[in-house]
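Down below is the structure, laid out as structure tokens.
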Amino acid sequence: MNINATIIGQAIAFFFFAWFCMKYVWPPLTEALRERQKKIAEGLDAAERASRDLELAKEKATQALREGKEQASGIIDQANKRASQIIDEAKEQAIAEGDRLKTAAKAEIDQEINRAKEALRSQVAILAVSGAEKILGKSVDSKAQAELVDKLAAEL
Amino acid sequence: MSAEGGLTTSGYIIHHLTNLTFGKLPEGFTRYNGEVVGEGGTWTIAHGTEASTMGFWAINLDTMMFSVGLGLLFIWLFRKAAIKATADVPGSLQNFVESIVEFVDENVKSSFHSRNQFVAPLALTVFVWVFLMNFMDLIPVDWIPYLAQQLGVPYLKIVPSTDVNATMGMSLSVFALILYYSIKVKGVGEFVGELTLQPLGKFMIPFNLFLELVNLFAKPVSLGLRLFGNMYAGEMIFILIALLPFWLQWVLSVPWAIFHILIITLQAFIFMVLTIVYLSMAHESH
């Protein structure tokens, strides 16, 4: 248990090792540690960002889907409305056309009736005249009687 | 067992606690084998109690060899890891080294608040080096000394931290750093002021100085002797266990070795933490 120069040797060795450690061991190791820390932090950041983006995208997708559905139902509604409108219009048109056709037919019929009436009238007048002629046995002065016959015909 | 000192118990113990010292024996000194040292003295390996006659200018070869060897092992291993250190997936060596580095770094950050690039690597060196030196304690006490004896080396103490020179060498280095940083950071004036003007003010300067000097010198002494004492006692118990019959030794040596794993780590840790704390105190004004 003697104190001797070993104490100096030990001190020199101590300072050498500590110096070497400071110069060549500590910096690269702590640098690597720091860099890895940064890398991991960045990675975690990126992951978080990605998950946030994903959520956002999901939200967007749902919104788009909802909008699409709304639009589709709107279109369907419109189409339904338009269809019923078209049907209504067609009905109206058909009714109007029917009315028109009916009126036209009626007019034609009236016309036909009038024409027939006219024809009948004139025929009746002629018959009446000829009947009268037969009754009177002589020709009636057609000129003189024409007025009468016409009058008669008009009364019929 | 011991070569000289016969097979006696005390001889065995003393042999195991003697360093391999190289130094100069003075003229006219009667050596262990009866030889008388000739004119001008002689440089030789000490036998028995000759080391105490050699005075200060002798060196414990075993302590120096093992401590420097273990220190080189430390810087080789850590330098190897440092060269290959990447921020990518670390290998197993890098993992191991990084865990120690981080552990030390955390300790430094928690108790050292000034800026100094030297303290953290110093703490790492202290921790790993002291741990390795203490670790030699776990190698069965007879193995390497016996092997050395077969090779003609009379004494070999393989645990450098059981040599008071090694532990005091380190603690005095720390003490030198304490003084250096105290003066560098605070300046001579403030440092002297710290030593003389507290705790009792300027009218009690001699008393203050006495207290503060005791306080100052207690640091390296306690730092070095604590490690030495723990390791020396531990080694002593291993030696005592080794005196038991060989079939009984494991009953005591195994539990003691397991317990010693805790002690060697703890002592290395304490040495490191105290180094950090002392240097931290040297950097901060009170």
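The values are calculated or read from the model by the stated rules, or taken from the named source; none is laboratory data. What you are looking at is a predicted structure, and each value in this text was computed from that prediction instead of being measured. Here the Cβ is made from the backbone with ideal geometry for all residues, glycine too, and neighbour counts use every protein chain on show. Side chains are part of the model used for accessible areas, which takes the heavy atoms of the whole protein and leaves out ligands, DNA and RNA. Shrake-Rupley method; radii C 1.70, N 1.55, O 1.52, S 1.80 Å.
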message: With a 10 Å cut-off between alpha carbons and a GNM built on chain B, which of B:Tyr232, B:Tyr180, B:Tyr155 moves the most?
response: B:Tyr180
query: With each pseudo-label sitting 7 Å past Cα toward Cβ, what's the A:Asp45-B:Ile261 distance in nm, one decimal?
result: 4.3 nm
query: What is the Cα centroid distance between the range A:72-104 and the range A:37-52, reported in whole angstrom?
result: 64 Å
query: By what distance, in whole Å, do the Cα atoms of the range B:1-160 stretch along each of the three principal axes, largest value first?
result: 66, 33, 27
field: Calculated Rg and Dmax of the range B:59-128 using C-alpha coordinates, Å
entry: 14.2, 46
field: Percent of alpha-carbon pairs separated by more than 19 Å within the range B:231-286
entry: 48 percent
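Would you mind counting up the charge near A:Thr6? Only other residues with Cβ under 12 Å from its Cβ, with Lys and Arg at +1 and Asp and Glu at -1. Intermediate results must be reported in sequence, preceding the final value.
Values: positive: B:Lys157; negative: B:Asp62, B:Asp163.
Summing Lys/Arg as +1 and Asp/Glu as -1 gives -1.
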task: Take the alpha-carbon positions of chain A, form their convex hull, and give its projected area averaged over all directions (one quarter of the hull surface) in nm².
output: 22.1 nm²
- prompt: In Å², nearest 100, what accessible area do chains B and A bury in total when the solvent probe is 1.4 Å?
  reply: 3800 Å²
query: Taking every pair of alpha-carbon atoms in the protein assembly as shown, what share in percent sits in each 10 Å bin, from 0 to the bin with the longest distance?
result: 4, 13, 16, 14, 10, 6, 3, 3, 3, 3, 3, 3, 3, 3, 3, 3, 3, 3, 2, 1, 0, 0
query: Over the range B:74-187, what is the relative contact order in whole percent, taking alpha-carbon pairs under 8 Å and six or more residues apart?
result: 16 percent
task: With a cut-off of at most 10 other beta carbons within 10 Å, and DSSP calling the residue loop, which trypsin sites (Lys or Arg not before Pro) in the range A:60-94 qualify? Please list them.
output: none
query: Is there a simple number for the mean count of other chain Cβ atoms within 10 Å of the Cβ of residues in A:31-43, and what is it?
result: 3
- prompt: Under Stokes-Einstein, with the Kirkwood radius over Cα pairs standing in for Rh, what whole-number D in µm²/s applies to chain B at 10 °C and 1.306 mPa s?
  reply: 74 µm²/s
- prompt: Can you tell which of B:Trp247, B:Trp129, B:Trp143 shows the greatest fluctuation in a Gaussian network model of chain B with Cα springs below 10 Å?
  reply: B:Trp247
field: Residues of chain B: accessible area per residue with a 1.4 Å probe, Å²
entry: 48 Å²
task: Within a 10 angstrom radius of each residue's Cβ in B:171-184, how many Cβ atoms of other chains show up on average? Whole number is fine.
output: 2
query: What whole number of Å gives the distance from the Cα centroid of the range B:62-126 to the Cα centroid of the range B:216-234?
result: 23 Å
- prompt: When chain B is modelled as a GNM with alpha-carbon springs shorter than 10 Å, which of B:Val97, B:Val174, B:Val130 fluctuates the most?
  reply: B:Val97
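Residues of B:79-86, mean number of Cβ from any other protein chain within 10 Å of their own Cβ, rounded to a whole number? It would help to have the intermediate numbers written out before the result.
Working: counts 6, 1, 4, 10, 3, 2, 10, 4.
Average per residue, whole number: 5.
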field: For chain A, size of Cβ-based charge dipole, Lys and Arg +1, Asp and Glu -1, in debye
entry: 680 debye
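Within chain A, which DSSP H helices have Cα atoms that stretch 15 Å or more along the helix axis and a mean Kyte-Doolittle hydropathy of at least 0.5?
Details: long enough: A:6-20 (21 Å, 1.83); A:26-136 (160 Å, -0.66); A:142-155 (19 Å, -0.26).
Helices meeting the span and hydropathy rule in chain A are A:6-20.
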Carbon + sulfur, % of accessible area of the protein assembly as shown - ligands and nucleic acids excluded, 1.4 Å: 66 percent
